[in-house]
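Take a look at the structure set out below.
Every read-out reported here was derived from the displayed coordinates using simple, explicitly stated rules and does not represent laboratory data. In this text, all values refer to a predicted model and were calculated from it rather than measured experimentally. Reconstructed Cβ throughout: ideal geometry from the backbone, glycine too, with neighbour counts over all protein chains shown.
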Amino acid sequence: MDAQKKKIFGNTLYTIGGALVLNGVLQLFVYPKLNARLGAEALGTMIYMMGLINILGPSVGQALNNSRLVVRRTHEVTNGDYDVTLLFFTAVGLAVIAVLARTSLPDAGTVFIMALTGLLTVFRFYGDVEYRMSLNYRRYFIYYSAAGTGYLIGYLIFLLTGNWYFIFLVGEALALAYLSLKGTVFKDFFRTGPGFKIVEVKGLTLVLSYLITNTTFNIDRLVLKNMIGGTAVTEYYVASLIGKTLVLLVAPVNTIIISYLTKEKKALGKSRFLKFSGAGLLVAAAFFGVCEAATPVFIRLFYTDLAEATAPYITVINLTQILSVLSAYLFILVLTFTEARWQLILQCAHLVLLALLVFTMTGSGGLMGFSCAVLIANTFRIAAVLVLGLLKAGRTKEVVCK
């Protein structure tokens with residue numbers, strides 16, 4: 001193995017390791033403990049609330065993160081161009097969350113903690129661009145390990161105060177504290193440059209695209225909470241945990257892919273797109289097998305009281321999550337050689353189809369109807385992004401971009 005391949009392999013391990021630490025703390029410790037203490041209904045409400053933040057965080061933070069990686073190929077930009085844009089989009093997003101969550105927030109103090117948690121989550125999602133630009137994935141691992149450690153400290157505060165918001169507030173704050181000591185992306189925060197307008201326009205397009213993606217990814221929390229109740233949210237969440245964890249593990253791998261593809265400035269032609277897509281299909285099939293074997297065992301170990309209730313939904317939900325993994329991966333590939341507007345168009349079409357199916361099938365079929373609706377919509381999404389990729393890659397020559 002040559003030096004370049006060793007470096008890529010090592011960076012991949014660091015990114016997956018960071019995701020494992022972060023999500024291992026949440027899925028193997030924090031959420032099971034909260035389920036035991038709060039019960040399925042209350043946990044469902046908590047998952048709903050964090051779902052709103054988990055829509056905002058990556059939709060703004062990760063979108064501008066990826067935008068900076070792509071825009072740096074063609075434009076000179078400053079930290080302030082992105083930091084100010086980040087702050088503006090976050091403020092708008094938090095205002096929307098406040099409206100959606102108003103009936104679930106008991107008092108003004110909780111509203112403030114929730115808003116601060118949302119703000120820090122957005123900045124944490126954006127902040128790892130520090131390590132993606134420099135390809136320093138060892139510090140990327142430390143960054144996410146700091147967040148995981150913060151969640152554990154926050155859980156101790158929860159035991160003392162009874163307020164679960166502190167779990168997430170402390171986790172996000174500790175990661176950003178590490179970044180403030182070791183990073184530079186938030187220096188000269190308000191100093192914008194000539195590229196500010198370009199950042200705003202391109203950033204807005206990606207934010208809208210990611211907003212749709214993350215809304216669909218968290219639609220179970222939004223729809224089930226309002227159409228069935230908090231217990232249904234918890235049951236679907238628990239049954240989908242292994243699959244969703246794989247989505248989160250693949251996300252760091254996607255960061256490796258786009259980091260290297262944008263840094264080398266090599267166009268992704270049709271043959272390379274087919275190779276990457278074929279590899280993705282094989283990995284997705286393997287992941288589905290893992291999910292089918294691991295999910296029932298995981299639920300019996302960590303959510304014993306929900307094992308019987310979730311059993312009928314496991315296969316449908318696992319397949320849904322794996323298709324979500326695959327589509328996220330394919331979208332990252334397509335992002336490197338198409339205009340962002342095409343992704344936005346596909347995302348909008350997927351959301352419209354998903355909404356129609358979900359509201360129709362959930363009303364008549366309950367939790368199983370909802371699960372089948374999401375599966376059908378995700379199948380159409382995979383087909384659409386493959387067609388787009390083949391059409392656009394077929395027009396792209398595999399040469400180094402000028």
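Hey, got the dipole for region 1-217? About the Cα centre, +1 on K and R Cβ, -1 on D and E Cβ, debye to the nearest 20? Present the calculation step by step, with values, prior to reporting the outcome.
Working: 18 positive and 11 negative charges, 125 e Å.
Using Cβ point charges on Lys, Arg, Asp and Glu, region 1-217 gives about 600 debye.
Backbone phi angles across region 40-53, fed through the Karplus curve with coefficients 6.51, -1.76 and 1.60 (θ = phi - 60°), yield HN-Hα couplings of 5, 5, 5, 5, x, 5, 4, 4, 4, 4, 6, x, 4, 5 Hz in residue order; Gly and Pro are listed as x.
Using the rule -39500 (n - 2.57) for each DSSP H run of four or more residues, divided by the residues of the chain, the 222 nm mean residue ellipticity is -28000 deg cm²/dmol. When the charge dipole of the chain is built from unit charges on Cβ atoms (+1 for Lys and Arg, -1 for Asp and Glu) and taken about the Cα centre, the candidate among A239, V201, N54 whose Cα reaches farthest toward its positive end is V201. Karplus-derived 3J(HN,Hα) values for region 137-149, using 6.51 cos²θ - 1.76 cosθ + 1.60 with θ = phi - 60°, are 7, 5, 6, 4, 4, 5, 4, 6, 5, 4, 5, x, 4 Hz; glycine and proline are entered as x. Across region 215-229, computed HN-Hα scalar couplings (Karplus, 6.51 cos²θ - 1.76 cosθ + 1.60, θ = phi - 60°) run 5, 5, 5, 9, 5, 4, 5, 6, 6, 5, 4, 8, 9, 10, x Hz from first to last residue, x flagging Gly and Pro. For I299, the shell of other residues with beta-carbons less than 15 Å away shows a net charge of -2, using +1 for Lys and Arg and -1 for Asp and Glu. The residue list V70, M368, G171 was ranked by how far each Cα lies along the charge dipole of the chain toward its positive end, using unit charges on Cβ atoms, and V70 comes out on top.
When peptides 143-156, 35-48, 269-282, 227-240 are ranked by their average number of other Cβ atoms within 10 Å per residue, the highest-first order is 227-240, 143-156, 35-48, 269-282. Placing one equal scatterer on every Cα of region 6-112 and applying the Debye formula, the log10 ratio I(q)/I(0) at q = 0.16, 0.22 Å⁻¹ is -0.99, -1.20. When the square roots of the Cα gyration tensor eigenvalues are ordered a ≥ b ≥ c, the ratio a/c for region 1-217 is 1.5 or more and a/b does not exceed b/c, which makes its shape oblate.
Dipole magnitude for the chain: computed about the Cα centre from +1 point charges on Lys and Arg Cβ and -1 point charges on Asp and Glu Cβ, it is near 1520 debye.
Kindly provide log₁₀ I(q)/I(0) values, in the same order as q = 0.12, 0.13, 0.14 Å⁻¹, from the Debye equation applied to equal alpha-carbon scatterers of the chain. Treating every Cα as an identical point scatterer, log10 I(q)/I(0) equals -0.97, -1.16, -1.38.
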